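Worksheet: one structure, shown below.
The values are calculated or read from the model by the stated rules, or taken from the named source; none is laboratory data. Predicted, not measured: the structure shown is a model, and the values here were computed from it. Positions of Cβ are generated from backbone atoms using ideal geometry, with glycine treated the same way; all protein chains shown enter the neighbour counts.
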Amino acid sequence: MNVKPVLIFVPGMFCHAGFFGKLVDFFKDRGYECLTLTLPLHDRFLIQRPNPELAQLGILNYVDYVEKIISKLKKDFILIGHSMGGLISMKTASLPSVHPKALILLAPAAPYGILALRRTVIKSFYPVLTTPNFWKMPIKLSYEDVRYSMLNQLPEKEAQAIYELMVWESGKAGFQMGFWSLDKTKATKLEPQGITCPIIIFSGKQDRITPYKVVKGTAEFLDLKPNLLVRLFERLWQLSKGKWEKQAFRRVKFIVLPQMGHWLLTELEPEKILWEIEQILNTQ
């Protein structure tokens, strides 16, 4: 009997392990071992005082934390990352020492080189972006900003309950993602060639904090799309044959969810993730 891989869930900004409850319950009922992570110092709710040491942590600290957990696992595993956790997961998966069976990304934050600061993103983070030296302090968003950016497709009661469980985030990590061109450490940079497993990306078209077009750019980056000149020649060849085909992804499966937003932790039906995982495992 084949042993199912461990599912490792990596949370996004302002989040912790508890937000994966719906997915974890679903997969445990189907025989999967689940490991839900809470990133370092993500243990204080927004109504509490933040830990000042959180301001010193960045994306590289988070990746190091996940890598160390994986190094002790000694089992096959699949990485499932949401939002910033998606970026952490893809960067971790690109390391030579890390070999997941699959990489599942739910509305992932964009890596180095992909412009993420679109209009809706700037509006979402505007109070933070206009705070002097925000990259040197813990940060939070108001309920109104979270409702607009992350929870816009959820009922009001559910959105309020989620916000009450959110935690403080590192301004440094936010800066590294949003202003990667100014980050001397290039914390969000990764080599997509280092990821050798199947990659599944889910993106909600109503997402305002990791917009669909940004996530599509991430998918193309991970898919190792050829440069613009090569793609132009491919188009010309198609025209010479009298056809115009939409360019397909080569190694990434990019799934667009027209009516969903950012909070795929509850908006997305777990069955869809399970189906993709089992399709991958059945071919390995």
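See the values below:
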item	result
Which numbered condition SER89 fails, given (1) surrounded by 17 or more Cβ atoms within 10 Å (Cβ to Cβ); (2) out of contact with any strand residue (DSSP E or B) (no Cβ under 6 Å at 6 or more places or on another chain); (3) part of a helix (DSSP H, G or I); (4) not β-branched (Val, Ile, Thr)	(2)
The one condition in (1) free of Cβ contacts under 8 Å to residues at least 12 places away in the same chain; (2) within 13 Å of GLY58 (Cα to Cα); (3) basic (Lys, Arg) that LYS157 fails to fulfil	(2)
Pairs, first under 15 Å from VAL3 (Cα atoms) in the range 260-284, second surrounded by 17 or more Cβ atoms within 10 Å (Cβ to Cβ), C-beta under 6 Å, six or more apart	ILE280/ALA102; ILE280/PRO198
Residue ID - surrounded by the fewest Cβ atoms within 10 Å (Cβ to Cβ), chosen from residues in the range 6-64 that are under 21 Å from ALA187 (Cβ atoms) and acidic (Asp, Glu)	GLU53
Failed item, numbered, when ILE104 is tested on (1) buried (at least 18 other Cβ atoms within 10 Å of the Cβ); (2) in a loop (DSSP other than H, G, I, E, B)	(2)
Residue check, ALA187 touching a Gly at 6+ places or on another chain (Cβ under 9 Å), within 30 Å of TRP275 (Cα to Cα), of a type in the set (Gly, Ala, Ser) and not in a helix (DSSP H, G or I)	no
The one condition in (1) among the hydrophobic types (A, V, I, L, M, F, W, C); (2) within 20 Å of GLN193 (Cβ to Cβ); (3) part of a strand (DSSP E or B) that VAL63 fails to fulfil	(3)
When residues of the range 157-166 are limited to those that are part of a helix (DSSP H, G or I) and in contact with a helix residue (DSSP H, G or I) (Cβ under 8 Å, 6 or more places away or on another chain), the one surrounded by the fewest Cβ atoms within 10 Å (Cβ to Cβ)	GLU158
Among the residues listed as LYS123, LYS75, LYS136, LYS28, the single one being over 27 Å from TYR163 (Cα atoms) and out of contact with any His (no Cβ under 7 Å at 6 or more places or on another chain)	LYS75
PHE175 modelled with pLDDT of 95 or more, surrounded by fewer than 19 Cβ atoms within 10 Å (Cβ to Cβ), out of contact with any His (no Cβ under 6 Å at 6 or more places or on another chain) and not aliphatic (A, V, I, L, M)	no
TYR62 being among the aromatic types (Phe, Trp, Tyr) and within 16 Å of the chain's Cα centre (by Cα)	yes
Positions within the range 112-155 being in a loop (DSSP other than H, G, I, E, B), touching a Lys or Arg at 6+ places or on another chain (Cβ under 7 Å) and under 29 Å from LYS184 (Cβ atoms), in sequence order	TYR112
